[in-house]
Amino acid sequence: MAWFRKEQSASSGYDDEGSRFTQPGFIASALVILFVVLSAVYLAVAGNDGKTRSAPPSTAPNIAPVTLAPVPDSVSAETNECPFTPVTDVTRPTQPPRDVAWQSFRTVLLPASSTAGPMVTQGDVARCYQQTPTGALLATAQITTRYALAENWLRVVAEQVLPGPSADAYSLPRIERELTRGAPRPPEPGSMSQIAGFKFVTYSFQSASLEIARRTPDGKLQAFVHTVVWTHGDWKLELQPDGADAPIGRSLISLEGFVPWGGS
């Protein structure tokens, strides 16, 4: 998490993660458990076809901080499909998108739209975004926050992060930390940076890169470029090879060049 690594807060409980929101060996047998757990999560939750499914009973040790909550029985394969029709809109918003409401997720205000998504929210996962620039913007804002802060972050990673070595590079060290030290405490109110603006770097129907500006609790501005990729009918977050969600960010003097955007 690139912007998570820039700052740290002893009171937030996310010291080991670092935090773009906040201001101011492991023995061999345990490693085996890590790979078993991660493999079980990916196979049970994402599956080879990329569709969400309920996880079968696990034979792995009881490790509460990283166990996944099952998908509710009332959620069928049909309801897991995103209810969108193909669109041809490639217009990048130059003003704050309309039809957006801001809701708090673990003290961070996140945008949601009844037309651009997320259309489905199941626990910590908010998914189904429109294949448009606005949909990509909303997906970026939501996923970059949820995969880092969600209590059930493994499910967010399995469903909303592109699988592969980059996802493993993020998940394995975090699982190790939580197995040895327990899950981090929830963030304290006022300890997290908030979205302050956005700027499109690139956009196509298959991928989008956006620079998101965030304001820290002490009023400073930082910006990080994130990439989402359209696959299996939704936008997924693409991580860096080291597991970060963005390259090294930059400090801003103002929001010049960005579209001011944020909740209150």
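Bear in mind these aren't lab numbers, they're just calculated from the coordinates by the rules spelled out. The structure displayed is predicted, hence computed values, not measured ones. Cβ sites come from the backbone with ideal geometry, for glycine too, and all protein chains shown count toward neighbours.
Structural remarks
- Ala126 vs. criteria of a type outside the set (D, E, K, R), out of contact with any strand residue (DSSP E or B) (no Cβ under 6 Å at 6 or more places or on another chain) and either crowded, with 24+ Cβ neighbours inside 10 Å or not in a helix (DSSP H, G or I) (or both): yes
Residue-wise test of (1) β-branched (Val, Ile, Thr); (2) farther than 20 Å from Phe224 by Cβ; (3) crowded, with 17+ Cβ neighbours inside 10 Å; (4) within 12 Å of the chain's Cα centre (by Cα).
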| site | (1), (2), (3), (4) |
| --- | --- |
| Ser104 | no, yes, no, no |
| Thr134 | yes, no, yes, no |
| Gln142 | no, no, yes, yes |
| Arg146 | no, no, yes, yes |
| Arg174 | no, no, yes, no |
| Glu178 | no, yes, yes, no |
| Ser191 | no, no, yes, no |
| Ile195 | yes, no, yes, no |
| Val201 | yes, no, no, no |
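- Taken over segment 139-183, the criterion of being part of a loop (DSSP other than H, G, I, E, B) and among the small types (Gly, Ala, Ser) is satisfied by Ala150, Gly164, Gly182, Ala183.
- Of residues in segment 216-264 being part of a strand (DSSP E or B) and polar (S, T, N, Q), the one surrounded by the most Cβ atoms within 10 Å (Cβ to Cβ): Thr227
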